[in-house]
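J.: Pasting a structure here, questions to come.
The values are calculated or read from the model by the stated rules, or taken from the named source; none is laboratory data. Remember, it's a predicted structure, so these values are computed and weren't measured experimentally. Positions of Cβ are generated from backbone atoms using ideal geometry, with glycine treated the same way; all protein chains shown enter the neighbour counts. For accessibility, only protein heavy atoms count, side chains too; no ligands or nucleic acids. Shrake-Rupley method; radii C 1.70, N 1.55, O 1.52, S 1.80 Å.
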Amino acid sequence: MARRKPISTLRGRRSFSRRAGQKAPRSVTLIVCEGETEQEYFEAVRIHYGLSTAEVVVAENTVGSAPKSVVQCAERKCAERGGYDKVFCIMDRDGHESFDQARATIKTLAGRKRKPLPIEEAVSIPCFEVWVLLHFERADPPFTRCTDVIQRIRDNHMPGYEKADRVVIQQLMQKINEAVSNAQWLEARAADNNHNPFTSIHKVVRHFIDVAGKDS
């Protein structure tokens, strides 16, 4: 597969350069993902809601794809000059051994008394494709593997689905409202946030909507 063009540069400074007359960002949100599919998706969501790269920064995570690496990347960026108003760590349970550890670390960073971070998790169990599936249907059977979720998407909704495919992701933008509604339905049915399947990606999308709707 051809090398993907960079989505956006990791930004450590809040003093984003802008031309004279341009409005200051309404807030600055950092999105740190495990992989390319999630990066492509959230960049598309940013564009879909008309948010600038000064308002939503989709990080090129160079630390690693494990959940603990996502959190380490987010913590490192928060420590740089300027910081962010909101940080989301996008993580899958999948087969990652550090999933529970990463979630615990996020709670610690957000809840500490001295310099708490504005950091939240946005998780999918078993994988991000649960969120993709919710663009098409309300589905709550447990999935053993991510490949099972992908196969359901291909069999029932999108035969050409491929991870990190920009054409596919653009098609998903047309059904993002359905995904949010279906994810809220799934969340209400889940016994807890370790349920299979589960996703809280809709909370990130809702945040994008809220930022886009704020008065400048």
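J.: Kindly provide the set of residues from the stretch 57-107 that are basic (K, R), more than 25 Å from V149 (Cα to Cα), modelled with pLDDT under 95 and outside any helix (DSSP H, G or I), ordered by number. Full working, then the answer.
T.: Applying the first criterion (basic (K, R)) to the stretch 57-107 yields 68, 76-77, 81, 86, 93, 103, 107.
Remaining after also requiring more than 25 Å from V149 (Cα to Cα): 76-77, 81, 86, 107.
Those left that are additionally modelled with pLDDT under 95: 76-77, 81.
Residue satisfying the conditions is R81 alone.
J.: Every residue in the stretch 185-195 that is out of contact with any Asp or Glu (no Cβ under 9 Å at 6 or more places or on another chain) and either acidic (D, E) or surrounded by 14 or more Cβ atoms within 10 Å (Cβ to Cβ) (or both), please.
T.: Correct list: E187, D192.
J.: Within the stretch 153-163, is there a residue that is in contact (Cβ under 8 Å) with a residue 40 or more places away in the chain and either in contact with an Asp or Glu (Cβ under 6 Å, 6 or more places away or on another chain) or charged (D, E, K, R) (or both)?
T.: Taking the stretch 153-163 and keeping what is in contact (Cβ under 8 Å) with a residue 40 or more places away in the chain, we get 163.
From what is left, the residues that are either in contact with an Asp or Glu (Cβ under 6 Å, 6 or more places away or on another chain) or charged (D, E, K, R) (or both) are 163.
Yes, the conditions are met somewhere in the stretch 153-163.
J.: Shifting gears a bit: Would you pick out the residues in the stretch 93-133 that are of a type in the set (G, A, S) and farther than 30 Å from V168 by Cα?
T.: As a first pass, look at the stretch 93-133 and keep what is of a type in the set (G, A, S): 95, 98, 102, 104, 110-111, 122, 124.
Selection gives A104, A110, G111.
J.: Filter the stretch 131-145 down to the residues that are open to solvent by less than 90 Å² (accessible area, probe 1.4 Å) and at pLDDT below 95 and list them by number. Walk me through how you get there before you give the answer.
T.: In the first step, residues of the stretch 131-145 are kept if they are open to solvent by less than 90 Å² (accessible area, probe 1.4 Å); the result is 131-137, 139-141, 143.
The answer is A139, D140, P141.
J.: Inside the stretch 88-103, can you point out the residues that are on the phi < 0 side of the Ramachandran plot and of a type in the set (D, E, K, R)?
T.: First, the residues of the stretch 88-103 that are on the phi < 0 side of the Ramachandran plot: 88-93, 95-103.
Result: D92, R93, E97, D100, R103.
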